[in-house]
Each structure stands twice: as structure tokens, then as C-alpha cells.
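S.K.: There's a structure below that I have some questions on.
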Amino acid sequence: MIVIENATIATVDAHGTEYADGHVVVGDDGRIAAVGPGRTETSGRRVDARGCLVTPGLVNTHHHLYQWATRGLALDETLFGWLTTLYPIWGRLDAEIVGAAAGAGLGWLALSGCTTSMDHHYVFPRDGGDVLEAEIEAARGIGLRFHPTRGSMDLSQKDGGLPPDHVVEDTDEALAATEAAIDRWHDSSPDAMLQIAVAPCSPFSVTTRLMVEAATLARRRGVRLHTHLAETDDEEEFCRKQFGCTPVEYAERVGWLGDDVWLAHGVHLDDSAIARLGATGTGVAHCPSSNARLGAGMARVRELVDNGVPVGLGVDGAASQEVSHLGAELRQALYTARMRGGPKAMDAREALRLGTMGGARCLGRQDHLGSIEVGKLGDLVMWDLDGLGHDGIDDKVAALVFGPPARVALALVGGKPVVERGELVNADEETLTVEARRAHRRLLGV
């Protein structure tokens, strides 16, 4: 049992319940046993959260962990220019490089308040070994709840796509490997630490056949679907030229709208597209820092939320957003919304909801994650807001979102500590750094 007391608590439940001085108890089963005002006499390990804010753990809904090995490249390119620069480098990935990059990326996410992360991996060099297993083992080493997706690309440059020939797969091989990943790794239980989703990469790197058959496969196996969509004007132009329609119209045509789907970015959406996403329950992973870094645009998050679209936050790949700090993405999401719609377009609590319950909805885990409620999984973060950087911001939720990135005093996944006093519990940060540096240098040949 873990008893957190003397805490300011933002439960992010349906009523927005908060306690200025409260307690949370996580039981031996890894689930929340109690939450409320004041102290509790429950026995267990007691944690004094004086000066701290306790929230649900943050949920990262879009990432490419392998990209940690290629940070700092193509810094001034648009998405298509950035991709064509990096595809040849990514074609040299192997399991050792991916494992090191994933360890660094997931360790950094944990230190930024993330307790659940997905990953979208879609580059599978033929001689690279089992790269999916490598990142899964990295997640186990850090202790995060993990939703890796088995991605794929089968539309190369010679067939009208963007990727070079050597980084795409045969369609049948990609589908077979995707089903094999589900067989081997997917855990459908409510307290699962590992779940697989099906994730062809994007309209400009995947054939229509792969999109259609991947959706059929996912629904036959009862797993979720994920892809990039409507990220840039270039993609809009590609879809109109190749398919005679917008990206969202194409997604609907190939069976990719529904409450079992979440889409990365959703930047360039008109009113009808947003309404269609809302009507079908299709989620969106909002990645504001990556969209800004690549100059892709600003997603219409206010309109998405108002239309009932499940919206979560994502840091996106570390090569398109070198900070990769999920806690900082709360503020970036708020700022992006206000850049579009003014200061009332989003407040601090709405930003926190995107990073917690919104993310849980995108991953289909809203019944067990995303809020602090009795019976839900004990995935919690205790943010230290008692220092100079946050002093004087009396509203602690506002301090977390508007203030500088906060130190994580404690992060629990299923009641088990993964971060304590700003340090990883299950891994050594220096070792992760050394291994990631080695992977970066080997991949780049320097």
C-alpha cells in the first residue's frame, strides 16, 4: 500500500474534483483504493506530498522512439524534406540501436511525468533484427505502461510514395508480421502493461490495399488502429492528387474512421472533417511542439474537443521535436490553442485533461486510466511545485501548466515507483545516455 498525503490533488474525473489538502491510497493490487480530503489512517508506505500536486500519470499518444538516435538533423525542413533526408539513415536501424533509443526516450518520458506511452514504429530493415522486441524490452526496463504499434510502409518512391525502396516492406509480409506481433505481445486484460495496435504509416507511404486489410485485421483481432493523417498541406495535396479527396475522406473510404481509431496530428481539417471525426468517435493525437518545429501548422483543438473528438497529447518522434518532454507539452498545447483562438480557447485544466483522460480515451483505456478514481489503476504523478520556478502561482494546476517544467517527485505505474525524487528507479540515466550516444554515432557513422 502507498499512502500519499498532504497533497493538492487534481483527479481529472468527470466532475473535475480537486482537493487542496488530500490523500490518495494505492492498494496492493496496483489500483486506487481511496482518494479524498484530509488525512487517512490507512496503513502503508506514507509519502508526504506537501507542496506537491498529484495528478493522473500523463499519457503519450504519439511517438517514434527510434528517432532519439537522429535528433538534431534536418532542423529547417518541412515534413517531406525532413523525411526524405532521414529515410536513408533510418534504413540502417537495427535492434541494438532501436533498443538504446527507446530506453533513452522512455526514460526521459518517465522523468517528464509520463506513465503510459505508445510508440509508432514502421521501419523494419531486413537485416535489423527484432526491433519491436527491442523497444518492448526497453519499456520493461523503465517500467512504463506501453502501447507499441506495429507500423508498416509498402509504397516506395518507384510506386509514387515518399520512402525510398529499401525501407518499405512487401504488403503481405507486413500484414503477416503485424498479426504475429499481436499473437506474441498483445495483452487485452484491464491492467495490461503491454498492448499492440495496428499502424500503417501514412497515406503517402502506404498502399490502399494495406490500409484496407490492416483495418480488417485489427478489427478481427480486437485491437486499435493508428496512423498519421492531415499533418501538412503537402499531404492534403498528395491525397487530392492520388485519391481525388481530402485525407479524412480517404480515411473513411478505406475504413479508418471509428472509435477504435486514433490519428496523429489532424492539423489540416475543415469543419466537415472535424464533424466527421466527432460523429465517428475517431481520436486525434495532438503534437503541438512537433507541428511547430516542422512548421506544419496549428491543430484546431478547440473545435475538435467541442465536436466530441477524443484528443490526447503526443511528443511525436524525438527527431521532429527534440525536447520530447510530455509535461511541457501541456503548456505548448494551451499556447497553441490560444494562438488560434485567443486566451479563452483553453485553460490549464483543459490542457491537463488532454494529457491524461484525453490520452486514455485515444488508447481505449479510459475505464482504467486517465483520472484518479477508486478502482482505477494506480498510475499517478506527484509534481514538486515548491521551488522558485513555481513560487507565487497559488493555483497548483496553473503552476504545472503555465510554469516551467516541474520536477517529478514520484511517479507510480500500477502502484510501483518508476521515478522518485526526480530520478529513475529501474534504470540508470547515465547508462541510458551512454548507450543512446553510442547508437547515434554508430547509426550516423561518426
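The values are calculated or read from the model by the stated rules, or taken from the named source; none is laboratory data. The model shown is predicted, which means the values in this text are computed figures rather than measured ones. When we count neighbours, we look across all protein chains shown, and the Cβ atoms used for this are built from the backbone with ideal geometry, even at glycine. Please note that ligands, DNA and RNA were not included when accessible areas were found on the heavy atoms of the full protein model with its side chains. Shrake-Rupley method; radii C 1.70, N 1.55, O 1.52, S 1.80 Å.
S.K.: If amide hydrogens are placed 1.01 Å from N in the peptide plane, which non-local residues have theirs closer than 5 Å to the one on H121?
M.R.: Counting only residues 5 or more places away or on other chains, the set is T149, G151.
S.K.: List the aspartates and glutamates whose Cα lies under 15 Å from the Cα of K344, skipping any in the same chain that are fewer than 8 positions away.
M.R.: Result set, ordered by chain and number: E303, D306.
S.K.: Quick one: with all protein chains in place, what share of the accessible area of region 169-235 is carbon or sulfur, to the nearest percent (1.4 Å probe)?
M.R.: Result for region 169-235: 49 percent of the exposed heavy-atom area is carbon or sulfur.
S.K.: Oh, and also: Run the helix sum for the chain: -39,500 (n - 2.57) per DSSP H stretch of 4+ residues, divided by residue count, reported at 222 nm to the nearest 500 deg cm²/dmol.
M.R.: -10500 deg cm²/dmol
S.K.: Can you sort W256, W68 by 1.4 Å-probe accessible area, starting with the largest?
M.R.: Putting W256, W68 in descending order of accessible area: W68, W256.
S.K.: Using only protein heavy atoms and a 1.4 Å probe, report how much of D127 is accessible, in Å² to the nearest 10.
M.R.: Its heavy atoms expose roughly 140 Å² to the probe.
S.K.: Still on this structure: For the chain, list log₁₀ I(q)/I(0) at each q in 0.13 Å⁻¹, using the Debye formula over Cα point scatterers of equal strength and ignoring solvent, two decimals each.
M.R.: These q points yield log10 I(q)/I(0) values of -1.12.
S.K.: Considering only protein heavy atoms, what per residue accessible area in square angstrom results for the chain with a 1.4 angstrom probe?
M.R.: Accessible surface, normalised per residue, equals 37 Å².
S.K.: OK, next. Going by amide H atoms built from the backbone, whose H comes under 5 Å of the H on A264, apart from near neighbours?
M.R.: The list, which skips near neighbours in sequence, is T227, H228, L229, A285.
S.K.: Something else now. Quote the relative contact order of region 100-162 in percent (integer), defining contacts as alpha-carbon pairs under 8 Å separated by 6+ residues.
M.R.: About 42 percent, as a whole number.
S.K.: Between helix 171-185 and the chain, what is the angle of the helix's C-alpha long axis to the longest principal axis, kept within 0 to 90° and rounded to the nearest 10?
M.R.: 20 degrees
S.K.: Starting at the first residue of region 306-318, write each ³J(HN,Hα) from the Karplus equation 6.51 cos²θ - 1.76 cosθ + 1.60 with θ = phi - 60°, in whole Hz, x for Gly and Pro.
M.R.: Couplings: 5, 8, x, 6, x, 10, x, 10, x, 7, 6, x, 5 Hz.
S.K.: Would you mind working out the magnitude of the charge dipole of the chain relative to its Cα centre, with +1 at each Lys and Arg C-beta and -1 at each Asp and Glu C-beta, to the nearest 20 Debye?
M.R.: 360 debye
S.K.: T178 accessible area, nearest 10 Å², 1.4 Å probe?
M.R.: That residue has around 0 Å² of solvent-accessible surface.
S.K.: Then there is this: Calculate the spin-label point distance for M298 paired with D76, positioning each point 7 Å from the Cα along the beta-carbon direction, and give it in nanometres.
M.R.: Inter-label distance under the simple model: 2.4 nm.
S.K.: From the protein chains alone at 1.4 Å, what is the descending order of accessible area for K376, K344, K241, largest first?
M.R.: K344, K241, K376
S.K.: Also, quick follow-up: Considering the zone a paramagnetic label at E137 would reach in this model (a point 7 Å from Cα along the Cα-to-Cβ line), which residues of region 183-211 have amide N under 19 Å from it?
M.R.: Counting only backbone N, you get 184-186, 194-195.
S.K.: Starting from the Cα of K241, draw a straight line to each of the lysines and keep only those under 22 Å, dropping any in the same chain fewer than 8 residues away.
M.R.: Once the sequence-local lysines are set aside, what remains near K241 is K158.
S.K.: For R441 and A34 in one chain, what is 0.36 nm times their gap in residues minus the Cα-Cα distance, to one decimal in nm?
M.R.: 141.7 nm
S.K.: Check the straight Cα-Cα distances from K416 and name the lysines below 16 Å, setting aside those fewer than 8 residues away within the same chain.
M.R.: K376
S.K.: If you plug each phi of region 402-415 into the Karplus form 6.51 cos²θ - 1.76 cosθ + 1.60 with θ = phi - 60°, what whole-Hz ³J(HN,Hα) values come out, in order, with x for Gly and Pro?
M.R.: Whole-Hz 3J(HN,Hα) from phi for region 402-415: 7, x, x, x, 8, 6, 8, 6, 7, 10, 10, 10, x, x.
S.K.: Along the three principal axes, how long is region 101-238 when you take its alpha carbons, biggest first, rounded to the nearest angstrom?
M.R.: 41, 31, 31
S.K.: Figure the gain on full extension for Q157 and E430 (residue separation times 0.36 nm, minus the Cα-Cα span) and round it to one decimal in nm.
M.R.: Here the segment from Q157 to E430 would lengthen by 94.3 nm.
S.K.: List every residue whose amide H lies under 5 Å from the amide H of L313, counting only residues 5 or more places away in sequence or on a different chain, with H placed 1.01 Å from N in the peptide plane.
M.R.: T61, H286, G359
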